[in-house]
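Working notes, beginning with the structure itself.
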Amino acid sequence: MYKKIGVAVAFSPNCEAILSEAARLQCQFDAELVLIHVGNDEEEEKKFLDELVMKSAINTARLKIVLKKGGPAKKILSVCEKEKVDLLVAGALQRENIVKFYFGSIARKLIRKAKCSVMILINPTVPPQPFKRIVIDGTEGGDYTDTIRNGIRFAKLEKAHFVHIFKCIKLFGLSMAIAGEEENEKEQEETRRKILADETREIRSLLKDIDTKGLRVVIKVASGKPGFELRRYTEKVKADLLIVRSPAHKFNILDRIFPHDLELIIGDLPSNILIDKA
Amino acid sequence: MQLLSHNEIITLFMQLGVMILAARLTGELFRKFQLPLVIGEILAGVLLGPTVLGTIDPDMFRALFPHDGHTSVILEGIIGISVALLLFVAGMEVELDLVWQQGRKALYTSLFALFIPLLTGFIISYFAPGLFDLDASTDRLVFALFIGTTLSITALPVIARVLMDLNIFKTDTGMVIIASAMIIDILGWIIFSVILNMMGERSEGLSIGYTIFLTLLFTFIMLTIGKSLINKLLPWINRNFTWPGGVLSVTMALSFFAAAFTEYIGIHAIFGTFIIGVAIGDSEHMSERAKEIVHQFINNIFGPLFFISIGLYVNFLTNFNLTIIIILILLAITSKFAGAFTGARLGGLKKHDALAVGFGMNTHGTLEVILGTIALNSGLITEEIFVAIVIMVIVSIIISAPLMKYSLKIAARLKEDEKS
């Protein structure tokens, strides 16, 4: 799936754990690793980084370390593009306060601007743990079928216990409101039931073409605001990884002033998250 | 304190009962013929108003709907509340998420589908006011802007219903149409509230620039700060108050406050309820079920009261001017199609999809009637033009489904051609 994995390392309390997770992913995907650190004093930092790598289980034969000076998010992204990284891994604090929400923390900047897939880990551990309960965003739009396909593939690699595919019905309220003006009580119940059944069937037929052997797949259909409901569901099933598709366009300040889907999730991450650039 | 007399109380309750029941009966009759309830409701007003009842039995008409006295003032107040609440529901139907998702396509489609009819309507009615039998005392600029705005609005509920009936509601084309209609709703009401202010007495009214500034500022603040405050408030209400009682009373109260506030700063009250409707509807804590309750309550009690009132004060037969009606209908259809088609093409849609979008955006609905009622009450338009607008709306609602079906057929053929 991922041939080259970039890892953003800051010297934070959890940097050791991030590296241990990175080592696990490297092994999982049999991938090359690029460690990216943005700081000031190159010599001392390189030494510290080397020590960290030594302590971790990273395969150093397939490792490259890049040190940069400047604005962290911008530098990390430019390295990713130059090295043709297809998955970027970084750590993040779980919750953003309101000031940070508008100015943006580094991890969230990476999500908003990256051209590759991004995985944000909110509680990496030593030793690393594979993901056991995975929620995949199955709401229609963009390349959502690819997201489901990639998500299932990833879940199989991880040997996950549960995979939930969560789908939000678009414009459910408007559909029911209009049904309310045309139909009597019984017909409306029928319409409501039919909408739910149709959405579930769509996902089922999609899954037919995907190999899900050995996975327990749960399909959940709901109404409401997609991003918000997805986050709530992820919390409810205590998932440890949420897989969503990456937005069609790069996010700008407008998307934050009028937050929607992805912004609603990354403002308050419910779990680790993988934004898949299908 | 002034009190209603015994007879006035009887009249008022009779009015309300008759109006709601008549609207329901004719509405259901129309439903049997697969037509929207709202057309039946408007027609019920025509039956109860001067057009039919007033002509057949003038005494009974005057006894039921007296033109002066306390009851008429109270009824007008109730109808005013109904309009404001209808706008609240219209606002709640807007889904900003969807608008962002559709992005460029929806933006181009809506801008062109809004401004081309607006310009066409404006230019024609400004330079050829004779077409509308405009009398010399009317403010030509405001009138032309009004006609332009009337043509520019697309009715979201009408188009949603058509798309659903044709089973293309959730296709990409359907989503572009819905998102564009939502953008037009917001922009159309911003423009309209500015025009309303220009209609008002100039000495009292604010300057145009100031009104535009206030309208935009109010919209922006409500959709950012206002929305996030609502987002904080609603979960608290859901936790601490009974459900759905708590959320219903609080949202109603908020919408009345917004109406009072916009009226106070000099924009029309209904703009306040519309924008707060958008803000509340967009909150993730306003559950679909709560929305449904508000929707049912307003659309089945207050909606009919307003739609029936349309026919109560105007004689549709004596004010029937075929020329104006035909001009309006032609202008509405051609300019809307041209605008939406061009916009969809520029937004990156294929020709066959753009065609479907062009026809799809071609629906007018209740908002135009609300606009017309306010313009009629403020003396901007004649009863003839008002009647023409109502008929244009009814015609557009009736033809929208067949027209869309036809356009899908052409679109399918075009798609084949594009392939081969």
Step by step: first the residues of segment A:160-194, then only those that are among the small types (Gly, Ala, Ser) and over 26 Å from the mean Cα position of the chain (by Cα), then the one that is farthest from the other protein chains (Cβ to nearest Cβ). Which residue is that?
A:ALA179
Options A:SER205, A:SER223; residue that is within 12 Å of chain B (Cβ to nearest Cβ) and polar (S, T, N, Q):
A:SER223
State whether the residues of segment B:246-254 include one that is within 24 Å of B:ALA113 (Cα to Cα), in a helix (DSSP H, G or I) and either touching a helix residue (DSSP H, G or I) at 6+ places or on another chain (Cβ under 9 Å) or at pLDDT 90 or above (or both).
no
Exactly one of B:PHE359, B:PHE307 is in a helix (DSSP H, G or I), outside the structural domain of B:LEU414 (by TED's automatic domain parsing) and either of a type in the set (D, E, K, R) or in contact (Cβ under 8 Å) with a residue 24 or more places away in the chain (or both), and that residue is B:PHE307
Within segment B:165-195, can you find the residues that are within 12 Å of chain A (Cβ to nearest Cβ) and under 12 Å from B:SER152 (Cβ atoms)?
B:ALA181
So B:ILE39, is it within 14 Å of chain A (Cβ to nearest Cβ) and not acidic (Asp, Glu):
yes
Exactly one of B:LEU214, B:LEU254, B:LEU223, B:LEU248 is closer than 25 Å to A:LYS170 by Cα, away from chain A (no Cβ under 14 Å), under 25 Å from the mean Cα position of the chain (by Cα) and surrounded by fewer than 22 Cβ atoms within 10 Å (Cβ to Cβ), and that one is B:LEU248
Evaluate the following for B:THR138: is it hydroxyl-bearing (Ser, Thr, Tyr), part of a helix (DSSP H, G or I), away from chain A (no Cβ under 14 Å) and more than 15 Å from B:PHE337 (Cβ to Cβ)?
no
Out of (1) closer than 23 Å to A:GLU199 by Cα; (2) at pLDDT 90 or above; (3) away from chain B (no Cβ under 12 Å), the odd one out for A:LYS238 is which?
(1)
Kindly indicate whether any position in segment B:144-162 is more than 19 Å from B:ASP185 (Cα to Cα), modelled with pLDDT of 85 or more and either of a type outside the set (Lys, Arg) or in the same structural domain as B:VAL369 (by TED's automatic domain parsing) (or both).
yes
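Rundown of residues vs (1) over 21 Å from the mean Cα position of the chain (by Cα); (2) more than 19 Å from B:ILE116 (Cβ to Cβ); (3) surrounded by fewer than 24 Cβ atoms within 10 Å (Cβ to Cβ); (4) touching a residue at least 24 places away in the same chain (Cβ under 8 Å), yes/no style:
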{"site": "B:LEU317", "(1), (2), (3), (4)": "yes, yes, yes, yes"}
{"site": "B:ASN321", "(1), (2), (3), (4)": "yes, yes, yes, yes"}
{"site": "B:GLU383", "(1), (2), (3), (4)": "no, yes, yes, yes"}
{"site": "B:ILE394", "(1), (2), (3), (4)": "no, yes, yes, yes"}
{"site": "B:SER407", "(1), (2), (3), (4)": "yes, no, yes, yes"}
Residues being outside any strand (DSSP E or B), of a type in the set (A, V, I, L, M, F, W, C) and crowded, with 16+ Cβ neighbours inside 10 Å: count how many of those fall in segment A:1-47.
11
Cβ-Cβ under 7 Å, sequence separation 6+ or interchain: first residue in segment A:130-157 and crowded, with 22+ Cβ neighbours inside 10 Å, partner among the hydroxyl-bearing types (Ser, Thr, Tyr) and not in a loop (DSSP other than H, G, I, E, B). Which pairs?
A:VAL135/A:TYR233; A:VAL135/A:THR234; A:ILE136/A:THR147; A:ASP137/A:THR147; A:GLY138/A:TYR144
Of the conditions (1) in contact (Cβ under 8 Å) with a residue 24 or more places away in the chain; (2) in a helix (DSSP H, G or I), the single one that B:GLU28 does not satisfy is (1)
Of the residues B:GLY266, B:GLY245, which single one is among the small types (Gly, Ala, Ser) and in contact (Cβ under 8 Å) with a residue 60 or more places away in the chain?
B:GLY266
Among A:ILE273, A:ILE266, A:ILE243, which is the only one that is more than 14 Å from every other protein chain (Cβ to nearest Cβ), at pLDDT below 90 and under 15 Å from the mean Cα position of the chain (by Cα)?
A:ILE266
Those strands (runs of 3 or more DSSP E) completely within segment A:115-226 that have 3 or more residues that are under 24 Å from B:VAL176 (Cα atoms) and in contact with an Asp or Glu (Cβ under 9 Å, 6 or more places away or on another chain) are A:162-169, A:216-223
Could you tell me which numbered condition A:ASP86 fails, if it satisfies all but one of (1) within 16 Å of A:VAL9 (Cβ to Cβ); (2) modelled with pLDDT of 85 or more; (3) of a type in the set (Asp, Glu)?
(1)
Take the conditions of a type outside the set (Val, Ile, Thr) and buried (at least 17 other Cβ atoms within 10 Å of the Cβ) and apply them to B:ARG413. Does it pass?
no
Residues being in contact with a helix residue (DSSP H, G or I) (Cβ under 9 Å, 6 or more places away or on another chain) and part of a helix (DSSP H, G or I) - total across segment B:50-103
36
For residues that are within 29 Å of B:MET92 (Cα to Cα) and free of Cβ contacts under 8 Å to residues at least 40 places away in the same chain, tally how many sit in segment B:130-146.
0
Exactly one condition in (1) in contact with a Ser or Thr (Cβ under 6 Å, 6 or more places away or on another chain); (2) surrounded by fewer than 23 Cβ atoms within 10 Å (Cβ to Cβ); (3) assigned to a helix (DSSP H, G or I) is false for B:ALA260; which is it?
(1)
Quick check on B:ILE298: is it hydrophobic (A, V, I, L, M, F, W, C), out of contact with any Cys (no Cβ under 9 Å at 6 or more places or on another chain), under 26 Å from B:GLU28 (Cβ atoms) and not assigned by TED's automatic domain parsing to the domain that holds B:THR150?
no
Tell me yes or no: at least one residue of segment B:5-15 is of a type in the set (Phe, Trp, Tyr) and surrounded by fewer than 20 Cβ atoms within 10 Å (Cβ to Cβ).
yes
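The values are calculated or read from the model by the stated rules, or taken from the named source; none is laboratory data. Fair warning: this is a prediction, and the values are worked out from it, not measured in the lab. Glycine gets a Cβ as well: all are built from the backbone with ideal geometry, and neighbour counts include every protein chain shown.
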